[in-house]
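Reviewing the structure listed below.
The values are calculated or read from the model by the stated rules, or taken from the named source; none is laboratory data. Please read all numbers here as calculations on a predicted model, not as lab measurements. Glycine gets a Cβ as well: all are built from the backbone with ideal geometry, and neighbour counts include every protein chain shown.
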Amino acid sequence: MAEQSRTAYHFGDLLALAREHWVRQMAEHVDRAGFDDYRRTDAAVVRLLSRPRSIGQIGEALGVTRQAARKFVTRLEQRGFVVTARDASDARQVNVELTRQGHQYGRAIRRAIDTLDRRLDQRVERAQLLGADAVLRASLPDQDAREQALRLVPLP
């Protein structure tokens, strides 16, 4: 266990600032690729849809309710990036898949992420990146969340 901190360190504030900056940069990169309406949830959902999934699977992967996942999907559907359809064998299940435009949007998002990741990689040493990764994973609320993060985001 880490030694007790002697001064107040506002990790959450720094994390929030970094996240806001990252999202802003993502939006700028995606805008330059021709998609001017990037939203902060788009990257996670679109990347999950590299293969078709149900709304329930999307919610589970993101750690949100089916209702929240449905809201994310509806926004993407309204913008022409996904299509939804009832499952042929289970009418309660709604399947989601990317449209042609959605695949293009996904490529723009992946390029933006790759660019930002490369920039960060040039600014810090590998040991620093591993340390930051450990701190971020430790900030997750429980073992289930940490295991979910490990499935979604591999170690550097």
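Figure legend. Inter-residue proximity from segment 122-143: first residues over 22 Å from L62 (Cβ atoms), second residues acidic (D, E), beta-carbon distance below 9 Å, spacing 6+ or different chains. Indicated pairs: L129/D121. In this entry, I109 passes the filter for residues that are in contact (Cβ under 8 Å) with a residue 40 or more places away in the chain and touching a helix residue (DSSP H, G or I) at 6+ places or on another chain (Cβ under 7 Å). Counting only residues that are outside any helix (DSSP H, G or I), of a type in the set (A, V, I, L, M, F, W, C) and buried (at least 19 other Cβ atoms within 10 Å of the Cβ), segment 30-53 holds 2 of them. One residue stands out in segment 134-151 among those that are of a type in the set (A, V, I, L, M) and either exposed (fewer than 11 other Cβ atoms within 10 Å of the Cβ) or touching a helix residue (DSSP H, G or I) at 6+ places or on another chain (Cβ under 7 Å) (or both): the one that is farthest from V64 (Cα to Cα), namely A138.
Table: residues versus (1) in contact with a Lys or Arg (Cβ under 9 Å, 6 or more places away or on another chain); (2) closer than 29 Å to A132 by Cα; (3) at pLDDT below 95.
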site	(1), (2), (3)
L15	no, yes, yes
R19	yes, yes, yes
H29	yes, yes, no
G34	no, no, no
V73	no, no, no
I109	yes, yes, no
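Restricting attention to segment 55-69, and to residues there that are surrounded by fewer than 19 Cβ atoms within 10 Å (Cβ to Cβ) and of a type outside the set (A, V, I, L, M, F, W, C), which single residue is nearest to T115 (Cα to Cα)?
Of all residues in segment 55-69, those surrounded by fewer than 19 Cβ atoms within 10 Å (Cβ to Cβ) come to 56-57, 60-68.
Applying the additional criterion that residues be of a type outside the set (A, V, I, L, M, F, W, C) yields 56-57, 60, 63, 65-67.
Working: G56: 31, Q57: 28, E60: 28, G63: 26, T65: 31, R66: 32, Q67: 32 Å.
Applying the filter and picking the extreme gives G63.
If you go through segment 83-99 and keep only what is surrounded by 15 or more Cβ atoms within 10 Å (Cβ to Cβ) and polar (S, T, N, Q), you end up with T84, N95, T99.
Mind checking which residues of segment 75-97 are in contact with a Lys or Arg (Cβ under 8 Å, 6 or more places away or on another chain) and hydrophobic (A, V, I, L, M, F, W, C)? Of everything in segment 75-97, those that are in contact with a Lys or Arg (Cβ under 8 Å, 6 or more places away or on another chain) and hydrophobic (A, V, I, L, M, F, W, C) turn out to be V94, V96.
For the residues A18, A8, the requirement of being assigned to a loop (DSSP other than H, G, I, E, B), over 20 Å from G102 (Cβ atoms) and either more than 18 Å from the chain's Cα centre (by Cα) or of a type in the set (G, A, S) (or both) singles out A8.
Just one of the listed residues (G102, G131, G80, G106) is surrounded by 11 or more Cβ atoms within 10 Å (Cβ to Cβ) and over 24 Å from L49 (Cβ atoms), and it is G131.
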